Amino acid sequence: MSRRRVVVTGLGMVTPLGHSVESTFQAAIHGKSGIDRITHFRADTFPTTFAAEVKNFALANFLKSAGHYAKCGVNTQFSLAAAQEALADANLHIGLGRGVNRERFGVYLGAGEGSEDFDTVIGGAALASADGRTVDAGKFFTAALGMLDAEREAELEMHTTSGHVAAEFELLGPNFTCLTACAASAQAVGEATEMIRYGDADLMLAGGAHSMIHAFGVSGFNLLTALSQRNDTPQKASRPFDLTRDGFVLGEGSGMMVLEELEHAKKRGAKIHAELTGYGTTGDAYRMTDPHPAARGAGRCMTDAIRDAGVFSSDIGYVNAHGTSTQANDESETMGLKMALGDRAYKTPVSSSKSMLGHLIAAGGAVELMIAILAMNRGILPPTINYETPDPSCDLDYVPNIAREKKGIRHVLSNSFGFGGQNITLVASRF
């Protein structure tokens, strides 16, 4: 069976920079930061007191059925809003349009949790402690049974988000969820592309959603010493590839894309944003929290994606980097880019949207791929803000601080690398 071509016909996102694709992209090319003090919970005693939160979000602004999702985590609520925008952008929001078979329209998400009931858990523990130091397990379970909300607890399951999205929009095709850490939504897009390529679906709503801006999430990443602690200057904390980087900034949000088989899209007269031409996926098989020091997984992942796209490394006109602002990732990714692009690495602009968005964890890959597609189509590259002190180990062109015009880009590459050594690279091409 010949491989079918896959195009992008719908874009949607909710991010710390805006509640839509356009507002997010405009903020990004103007170098705006979505990072500020944490308001979701009281974080003033934590080593890190800031994050990139989605501000002033209300699902009711996007869906009439918003009340149905009141007990869902914000991950699901973000994804529903982003999905609504993506479907509308693809002209599929009203009855899906003529000639669209719901049974051939699936959902593939890289989705993580959207809330943790920290207050209830700690409240239950306090009720079960006589001395403030030890907890009686039996008393805790009794207290928890009276305090926890069963519906909210059920929503902690990762697959519920893709189920809610499918039900809201009546998408009856394949339904999958993956949670490959920070690479999840990029992997979801790649796997959804494969499903269309080989005939398992005609359309897929693919992407991801996540929020770890809660006490457990911030505590965990602080214990891993992965978060920046620039508490005095939070908007300058995410500084990918800068010598003085000290960790990433936690973010939240959702990115959703409508992927469609090319002939199906042409038949219904769909607007085509780009073609998804390349998908690479590898594992470092090294450590849970560190990339391989020789970038063997990252470099091969990029090389595989470029080969899958059927282009040369010299054809890549822009790279949206994983660029977390950690010492290990940024050096390793730079090394991997040199492996994949050769001498062209020094002539290929690279920027990290995380400098402005923070790290959206499972949702990051899809959002960053869409930013790369918009950059290609509009001929303007978003900057890496807060780049002040060059690092000799990170010596590529990171589009420092100010957006750059670059017309005529034909192919863009987007990287997503996750804890555990998950590596995903996607190549999108001008249609």
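Bear in mind these aren't lab numbers, they're just calculated from the coordinates by the rules spelled out. If you're wondering where the values come from, they're calculated on a predicted model, not measured in any experiment. Quick reminder, even Gly has a Cβ in these numbers, built from the backbone with ideal geometry, and neighbours come from all protein chains shown.
Tabulated data
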| read-out | value |
| --- | --- |
| Hits in the stretch 281-292 - residues which are over 18 Å from LEU224 (Cα atoms), loosely packed, with under 14 Cβ neighbours inside 10 Å and of a type outside the set (Gly, Ala, Ser) | none |
| Selection within the stretch 219-261 - of a type in the set (S, T, N, Q), over 13 Å from ASP330 (Cα atoms) and touching a residue at least 12 places away in the same chain (Cβ under 8 Å) | SER219, ASN222, THR225, SER228, GLN229, ASN231, GLN235, SER254 |
| Subset of the stretch 388-426 that is in a strand (DSSP E or B) and among the acidic types (Asp, Glu) - its residue that is surrounded by the most Cβ atoms within 10 Å (Cβ to Cβ) | ASP391 |
| Enumeration of residues in the stretch 327-354 that are buried (at least 24 other Cβ atoms within 10 Å of the Cβ) and not in a helix (DSSP H, G or I) | VAL350, SER351, SER352, SER353 |
| The stretch 44-99: number of residues that are among the small types (Gly, Ala, Ser), part of a loop (DSSP other than H, G, I, E, B) and crowded, with 16+ Cβ neighbours inside 10 Å | 2 |
| Hits in the stretch 20-43 - residues which are under 23 Å from the mean Cα position of the chain (by Cα), part of a loop (DSSP other than H, G, I, E, B) and hydrophobic (A, V, I, L, M, F, W, C) | ILE35, ILE38, PHE41 |
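Conditions (1) in a loop (DSSP other than H, G, I, E, B); (2) without any contact (Cβ under 8 Å) to a residue 60 or more places away in the chain; (3) over 22 Å from LEU259 (Cα atoms), marked per residue:
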site	(1), (2), (3)
TYR108	no, no, no
THR120	no, yes, yes
ALA125	no, yes, yes
SER129	yes, yes, yes
ARG133	yes, yes, yes
GLU151	no, no, yes
